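Here the structure comes first, spelled out in structure tokens, and everything after it is commentary.
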Amino acid sequence: MFTPAELAPFMGAGDEVRVDSPGDLRLTAGRAKLLCNIEVDGRSRFTASAQRRPQGQEVSWGSEVEKHHPEVLPYAENSRLWDSGVMVVLGCPGPPEAFDLMLFIDAVPDELKQEERRPAFAALMKKFMESTRQQAGCGP
């Protein structure tokens, strides 16, 4: 889903890259969670996860997120964006039943200047949202 160029600022230097990821982003009642992790030389550099959950569950962003003075994404009301990650909860009408998608990206942005970090995460999340929404049957 993400191109090597999109992920390059998060990978850092190294010799060995290990990718642990499913082949698709389909979330169903039987497959409620997906996780993608990329390691460089044994160090986790990038994590993306998607979780399907019952609609209307309360969202807890957690103190770890809130201490980074997060912003709300301009294209997703129920979201948090900070310097090392982004999280979004989307309501999906179904079919067959309504559900929420919780999407999370966390990475090590060492290669990015401070002012480049949040825009980079926002762009990745927008692409992640579109792909996950489509494969989960969540509508446009």
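Among (1) under 17 Å from LEU35 (Cβ atoms); (2) at pLDDT 90 or above, which single condition is GLN135 missing?
With (1) under 17 Å from LEU35 (Cβ atoms); (2) at pLDDT 90 or above applied to GLN135, the lone miss is (2).
In segment 35-46, is there at least one residue being basic (Lys, Arg), under 25 Å from GLU116 (Cβ atoms) and either modelled with pLDDT of 85 or more or in a strand (DSSP E or B) (or both)?
Within segment 35-46, one or more residues are basic (Lys, Arg), under 25 Å from GLU116 (Cβ atoms) and either modelled with pLDDT of 85 or more or in a strand (DSSP E or B) (or both).
Tally time: how many residues in segment 54-65 are open to solvent by 70 Å² or more (accessible area, probe 1.4 Å) and hydrophobic (A, V, I, L, M, F, W, C)?
0
Would you check if PHE10 is surrounded by 15 or more Cβ atoms within 10 Å (Cβ to Cβ) and part of a helix (DSSP H, G or I)?
Considered against the rule, which asks whether it is surrounded by 15 or more Cβ atoms within 10 Å (Cβ to Cβ) and part of a helix (DSSP H, G or I), PHE10 comes out as yes.
Matching residues to (1) exposed (fewer than 12 other Cβ atoms within 10 Å of the Cβ); (2) without any contact (Cβ under 8 Å) to a residue 40 or more places away in the chain; (3) not charged (D, E, K, R):
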| residue | (1), (2), (3) |
| --- | --- |
| MET1 | no, no, yes |
| ASP20 | yes, yes, no |
| ARG26 | no, no, no |
| CYS36 | no, yes, yes |
| ASP41 | no, yes, no |
| ALA48 | no, no, yes |
| ARG52 | no, no, no |
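List every residue pair whose Cβ atoms sit under 7 Å apart, with the two residues 6 or more apart in sequence or on different chains, where the first one lies in segment 119-140 and is within 17 Å of PHE99 (Cα to Cα) and the second, anywhere, is open to solvent by 30 Å² or more (accessible area, probe 1.4 Å) and part of a helix (DSSP H, G or I).
From residues that are within 17 Å of PHE99 (Cα to Cα), the pairs are GLY139/ARG133.
The values are calculated or read from the model by the stated rules, or taken from the named source; none is laboratory data. On a predicted model such as this, the values are computed, not experimentally measured, just so you know. Every residue, glycine among them, receives a Cβ derived from its backbone with ideal geometry; neighbour counts consider all protein chains shown. Quick note on the areas: whole protein, heavy atoms, side chains included, nothing else; ligands and nucleic acids left out. Shrake-Rupley method; radii C 1.70, N 1.55, O 1.52, S 1.80 Å.
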